[in-house]
Every structure is written in structure tokens, then in C-alpha cells.
1. Do you know which residues across segment A:99-153 are of a type outside the set (Lys, Arg) and not in a helix (DSSP H, G or I)?
2. What are the residue pairs meeting all of these: first residue in segment A:24-52, first residue free of Cβ contacts under 8 Å to residues at least 24 places away in the same chain and within 14 Å of another protein chain (Cβ to nearest Cβ), second residue of a type in the set (S, T, N, Q) and in a strand (DSSP E or B), Cβ atoms under 8 Å, and 6 or more apart or on different chains?
3. So, restricting to helices (runs of 4 or more DSSP H) that lie completely within segment A:1-92, which ones have at least 3 residues that are modelled with pLDDT of 90 or more and under 20 Å from residue B:135 (Cα atoms)?
4. I need the strands (runs of 3 or more DSSP E) fully contained in segment B:33-76, keeping only those with at least 1 residues that are among the β-branched types (Val, Ile, Thr).
5. Do we find a residue being farther than 20 Å from residue B:168 by Cα, free of Cβ contacts under 8 Å to residues at least 12 places away in the same chain and part of a helix (DSSP H, G or I) anywhere in segment B:22-29?
6. Before we move on, is residue B:24 within 13 Å of chain A (Cβ to nearest Cβ), touching a helix residue (DSSP H, G or I) at 6+ places or on another chain (Cβ under 9 Å) and of a type in the set (D, E, K, R)?
7. Mind checking which residues of segment B:22-53 are under 18 Å from the mean Cα position of the chain (by Cα), surrounded by fewer than 12 Cβ atoms within 10 Å (Cβ to Cβ) and closer than 22 Å to residue B:123 by Cβ?
8. Could you please let me know if residue A:125 is surrounded by 10 or more Cβ atoms within 10 Å (Cβ to Cβ) and hydrophobic (A, V, I, L, M, F, W, C)?
Amino acid sequence: MMKKWIVLLFLMFFSVQLHAAIEIYQFEKAEHEQLYKQMIDELRCLVCQNQNLSASNAGLARDLRQQTYEMVTSGQSHQQIVDYMTQRYGDFVLYRPPVKSSTALLWFGPFILLLIGLTVLIVTLKKRKQLTEESLTDEQHSQMKHLLDDGEK
Amino acid sequence: MKNSLPLILFFLLVILLGVGLTLDPREVPSPYIGKAAPSFNLPKLYASTESISSEDMKGKVWLLNVWASWCRACRAEHQVINRLVKNHQIEIIGLNYKDGSDQAKQWLEELGNPYVSVAVDSDGRTGIDWGVYGVPETFVVDKQGIIRYKNIGPVYQRDIKETILPLIVQLQQEAS
């Protein structure tokens with residue numbers, strides 16, 4: 001019984017990896033095939049926005065895969081295909097947007113947040129250390145002892 | 001003061017998320033606004049041996065309305081387009097996107113044909129050239145052939161009144 005569950009669990013992990021691309025394309029050159037696979041992983045499907053072209057089964061994704069295939073096999077470079085797509089759909093079509101002023105927050109925002117977090121952490125730790133390091137003077141000690149002794153009487 | 005910091009952060013987050021709610025992630029801004037409309041040369045729906053090209057529209061303010069008979073939102077939008085053409089002197093080219101010509105003709109017969117011409121984009125290539133990703137879409141092109149506005153999704157009467165008509169009037173006054 002347990003074994004069955006383990007197998008099922010195992011299979012569930014696999015299903016996530018399956019891609020929806022169903023067309024079969026023939027490539028004469030290995031580098032073309034590699035570029036094609038790279039392109040459809042990097043380009044976003046505009047219809048189902050959280051999927052790339054390789055994972056999407058939308059009509060537009062199929063057309064754009066076909067377009068990519070034709071461009072790759074006609075010998076166009078990675079940059080040429082990226083230019084073709086961004087000319088039509090903007091930077092949004094790229095899963096890895098270019099670094100420029102309009103995308104600066106997207107690229108560097110997480111690091112800014114990390115810096116803020118680190119600063120807060122360090123300041124807090126320093127404050128805490130100061131609190132524990134502060135100790136009483138001898139005079140305060142005897143005063144405290146006096147008070148405690150008083151209370152016991 | 002010390003205790004108000006979390007509250008301030010909370011309200012900043014509320015504002016940030018609140019603004020996020022008003023944005024539509026499905027609206028991808030077109031990189032074509034302010035740029036020359038991609039040219040096309042496509043067969044006409046009602047005269048498949050003749051073709052219509054974007055060159056034919058030079059010197060006029062015109063609209064390109066992307067539609068298909070399989071598109072549900074287009075059906076609702078079509079009445080708005082019909083009314084626009086009926087009430088104003090506007091030339092609209094219909095781009096019949098990845099459709100069958102029989103279905104397209106039947107659809108126009110049923111709902112009316114507001115287009116000066118219907119271009120048939122059976123394989124969707126022209127659609128890709130224009131950056132179409134969701135039908136219906138509508139483009140406003142000026143006299144110089146520059147795309148000035150793109151409406152993603154169905155055009156509503158409010159869009160016509162508030163955005164499209166004022167823009168057309170303004171563009172028609174510009175020199176060609």
C-alpha cells in the first residue's frame with residue numbers, strides 16, 4: 001500500500017515537467033534545435049501570461065512557435081528573433097527583460113529590499129547587544145542588594 | 001514614534017497593493033504606439049482575388065478592427081462598431097483573424113457589415129505583425145500611417161465617447 005503511494009507521489013512530480021508543445025518539428029542542424037528550444041523557453045505566451053511558449057497550448061503560442069521555428073531554421077540568430085518579438089509585443093514577451101531604466105526597479109528592487117532588511121537586522125542586533133552588555137556599577141549593586149534584603153524582612 | 005513604524009509600513013503596503021488592484025495585467029502596452037503601422041497585403045473577404053493593403057489607406061484616419069467569428073467578445077463589440085460607423089464618417093478595415101471565410105461571411109450577414117473592407121488573415125501572420133494577442137483588438141491609425149492608439153479587448157461605447165472619437169476628430173484635423 002505504502003509503495004503505491006510512493007509511486008503515485010513520484011509520478012506527480014513528473015507530470016509537472018511535461019510540456020504542452022505538441023507539434024513535431026524536424027531540424028537539420030543540432031544547433032538550430034537547441035536555439036529553438038532555448039527561444040520557446042525564454043519567450044512568454046501573451047495569452048496565458050505565466051507560461052512560456054513551450055508550455056502553452058494557446059493558438060497564439062502555437063503560431064509563435066511556428067514563427068520561431070521558421071526563423072531558427074532560416075538561420076536567424078537569438079538576437080534577431082528577440083528583436084522580432086519585442087518589436088511586436090514589447091519587452092513583456094521576454095521572460096528575461098533587458099536591463100534599462102524602465103526595468104531597473106524590477107532588476108534591482110530585490111537587492112534594495114535585501115539591503116534594507118540587512119540594515120534593520122544589524123541595527124536591531126546592535127541594540128540588543130548594547131542592552132545585555134550594560135551592567136550595574138558597584139554602587140548600584142549594593143543598593144540593589146540592600147533593597148532585596150529589605151524586602152525579605 | 002517607535003511603535004508607529006509598523007503602522008506606516010502597513011499603510012504603505014495597503015496603498016501599493018491597492019494601486020496594483022486597479023491595474024490590468026492583461027493589458028500589455030503596445031510598442032507600436034507612435035510608430036508606423038506594419039504594412040500588410042491581404043485578400044479581401046468578398047473578393048478573394050483582390051487584395052487590400054495598408055498603403056491604400058494613406059492620407060486617411062482609419063481604424064483596424066481585429067475580429068473573428070469564433071470570438072465571443074467580438075459579437076458584443078460589433079454593435080458598438082456598427083453604431084460608430086453609422087453615426088460618424090469613419091473608415092474601418094476589419095481584419096478577419098484566423099477564421100473561415102464562410103463563417104466570417106455568415107457572421108457579417110447576421111450582425112451587419114460596418115467595414116469598408118475585410119482583410120482575410122487566415123494564418124494569423126498579419127495579426128502577429130501587428131502584435132495582436134487577444135481578439136478583439138482595435139487600432140487607430142493616422143493620416144501618415146502611424147498607430148496612435150490601441151484598444152485591447154472589446155471596444156465599449158464609453159471608449160468610443162471618451163477616447164476614440166475625440167482622438168479621431170483630433171487626427172482628422174492634422175495635416176496629411
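1. If the condition is that a residue be of a type outside the set (Lys, Arg) and not in a helix (DSSP H, G or I), then A:99, A:134, A:135, A:136, A:137 are the ones that fit.
2. A:45/A:52
3. By residue number, A:59-73, A:78-89.
4. Qualifying strands (runs of 3 or more DSSP E): B:51-53, B:62-67.
5. Within segment B:22-29, one or more residues are farther than 20 Å from residue B:168 by Cα, free of Cβ contacts under 8 Å to residues at least 12 places away in the same chain and part of a helix (DSSP H, G or I).
6. no
7. B:39
8. So residue A:125 passes the test.
The values are calculated or read from the model by the stated rules, or taken from the named source; none is laboratory data. Because the structure is predicted, anything quoted here is derived from the model rather than measured. Cβ atoms come from the backbone with ideal geometry, glycine included; neighbour counts cover every protein chain shown.
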